[in-house]
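Below: one structure, written as C-alpha cells.
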Amino acid sequence: MRNTIDYEDLKKVNNPFHEELINAFSYKLREGWYVLGESVKSFEREFSAYVGTKYCVGVASGLDALTLSLIALELPKRSEVIVPSNTYIATILAIVNAGHIPVLVEPKVSTCNIDTSLIAEKITKRTKAIMPVHLYGKVCDMEEILTLAEKYDLKIIEDCAQAHGARFSDKKAGSFGDVGAFSFYPTKNLGAIGDAGCITTNDENLYDRLLYLRNYGSKLKYHNEYFGMNSRLDEIQAAFLLVKLPFLDKINAHKRTLAALYFEQLDSKFILPARNDNYFDVFHIFQIRTSERDRLKIYFSEAGIGTEIHYPIPPYKQNALKHLFPSNDFPISDEIHSTVLSLPISFAHTVDDILQVIQVANQFN
C-alpha cells in the first residue's frame, strides 16, 4: 500500500529542531528584548560569514529585502531594471514599489534563469540595474552578468530567495552583486517560523544606509535621517534562524541526495532541470517539465502525492501588472509556466518517499 506524500510538511521539517526552537523562544521571552537585539546581530554576523560577505542586514521579508536594496542604491527615479520574465511577482513588486520600471528578459528554457545573451539588447540609457533571480536553487550565469554590469555601469541586485547556499564556481549566491536579497519564508531551505529576510553586501555605505532604512530611517531613536520604513528582522525569528543555520548545509545535502534519485531514475519522458559542474544547486524546488503538466498533477493527486506549480501565471499576465507590460510576447516564459511541475523534495522527505514518487511518475502515460 502506498503512503500519502505531502508536497511539504513544515511540522516534519522543523521537528528535528523542535527542542532547540522551544528553548530559543523561551530564552527570548524571558530576556524581554524583542526588537533589534542580540539575536538579530548574531544572525547577521553568522549569515554574512556563511554567504561570504562583509555585511548582512536583517529585514522583515524577502520582498522587503528586494525593495530596500533598490531604495538603498539610490538609482535615478524611474530607472529601468532588467529582470527575468518568468520570475515570481515579488521581484516585480519590489522594482515598482521602489519607483522603478521592470524590463523583462526571457529565461533559458533549460535552466529557467535569465538568458544572459538577451540582456544587452534590452539595455537603454535609462537602464541602471540588473536583478538576476536564482530560481529554484540554481545560481544564474553570474560571470556574464558581472561582465555586462561592468560594461554598462549597472548595479546588481541578486534575488536569492530560493538559493541559500547555492554556488556558482565556488562562490555563493548573495556574494556576487552590490546586494543580495534573501527570504526566510518557512518553506525555504533555511526557513524561519514565519516571515523574515535579509540583505547581504560588501559595501559599507550601503550597509549603513540599510540599517537606517529598515528602521524608519533612524539609527538614533527619534532622529530620522532617511525616509525609511518598518522592516526589522524579528528577534524571535532571528533566534529561530540561529538554531537552523548550522544545519543549512545538511539540509542542502539531503535535498541534493533526493534530487540525485530523480535524475537517476525518472523516465526520459520528463524534462529534468539542467545540470552543470560549475553550479552547486540546492534544489529549493525540483521542477520537471511536460506538456501534460495539468493531467500529471491530477494523476499525482489521485495517487496521494502532493505537487505544486512554481508558477502557473507569469507576472506580465497577472491582473495587477498587465498595465506595465503592453507587449506580452514572452514565448519561453509562457512555455515554462505552462509545463513546469514541482515534485516533493523537502528536508522531511525520505529516500523511500522519493522512490515512491518516481515509481508513480514513471507509470504515467
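For segment 120-140, which residues satisfy the criterion of being without any contact (Cβ under 8 Å) to a residue 40 or more places away in the chain and either surrounded by fewer than 22 Cβ atoms within 10 Å (Cβ to Cβ) or assigned by TED's automatic domain parsing to the domain that holds LYS322 (or both)? Passing the criteria: ALA120, GLU121, LYS125. Quick one: what pairs do we get from segment 41-55, first residue under 17 Å from GLN237 (Cα atoms), second surrounded by fewer than 14 Cβ atoms within 10 Å (Cβ to Cβ) and among the polar types (S, T, N, Q), C-beta under 8 Å, 6+ apart or different chains? Matching pairs, first to second residue: none at all. Residues that are in contact with a Ser or Thr (Cβ under 9 Å, 6 or more places away or on another chain) and of a type in the set (S, T, N, Q) were ranked within segment 253-300; the one that is farthest from VAL51 (Cα to Cα) is SER291. Checking VAL83, VAL35 one by one, the residue that is outside the structural domain of GLN356 (by TED's automatic domain parsing) and touching a Pro at 6+ places or on another chain (Cβ under 9 Å) is VAL83 and no other. Number of residues in segment 193-205 that are among the aliphatic types (A, V, I, L, M) and surrounded by fewer than 22 Cβ atoms within 10 Å (Cβ to Cβ) equals 1. Annotation: LYS322 fulfils all but one of (1) farther than 20 Å from LYS255 by Cα; (2) modelled with pLDDT of 95 or more; (3) charged (D, E, K, R); (4) under 24 Å from the mean Cα position of the chain (by Cα); the unmet one is (2). Filtered by the rule that a residue be free of Cβ contacts under 8 Å to residues at least 60 places away in the same chain, buried (at least 22 other Cβ atoms within 10 Å of the Cβ) and out of contact with any Asp or Glu (no Cβ under 8 Å at 6 or more places or on another chain), segment 95-109 gives a lone residue, ILE95.
Being farther than 18 Å from PRO315 by Cβ and buried (at least 20 other Cβ atoms within 10 Å of the Cβ) is not true of CYS112.
Scanning segment 150-163 for residues that are surrounded by fewer than 24 Cβ atoms within 10 Å (Cβ to Cβ) and either closer than 27 Å to PHE283 by Cβ or of a type in the set (Phe, Trp, Tyr) (or both) yields TYR152, ILE156. In segment 252-277, the residues that are in the same structural domain as TYR136 (by TED's automatic domain parsing) and under 18 Å from VAL360 (Cβ atoms) form no Cβ pair under 7 Å with any partner that is acidic (Asp, Glu) and surrounded by 14 or more Cβ atoms within 10 Å (Cβ to Cβ), whether six or more places apart or across chains. For ASN276, the conditions (1) out of contact with any Phe, Trp or Tyr (no Cβ under 9 Å at 6 or more places or on another chain); (2) at pLDDT 95 or above all hold with the exception of (2). If you go through segment 150-181 and keep only what is among the aromatic types (Phe, Trp, Tyr) and modelled with pLDDT under 95, you end up with nothing.
Condition check: over 18 Å from the mean Cα position of the chain (by Cα) and of a type in the set (A, V, I, L, M). Does LEU21 satisfy that? Yes, satisfied. Name the residues in segment 141-183 that are among the aromatic types (Phe, Trp, Tyr) and touching a residue at least 60 places away in the same chain (Cβ under 8 Å), would you? Answer for segment 141-183, where residues must be among the aromatic types (Phe, Trp, Tyr) and touching a residue at least 60 places away in the same chain (Cβ under 8 Å): PHE168, PHE182. Applying a threshold of 9 Å to beta carbon distances and a minimum spacing of six or more residues, or different chains, the list of pairs starting in segment 294-322 at a residue that is under 13 Å from ILE5 (Cα atoms) and ending at one that is of a type in the set (Phe, Trp, Tyr) and in a loop (DSSP other than H, G, I, E, B) reads PHE300/PHE364; ILE305/TYR7; GLY306/TYR7; THR307/TYR7; GLU308/TYR7.
The values are calculated or read from the model by the stated rules, or taken from the named source; none is laboratory data. Treat the numbers as computed from the prediction; the structure is a model and nothing was measured. Every residue, glycine as well, gets a Cβ built from its backbone with ideal geometry; the counts of neighbours run over all protein chains shown.
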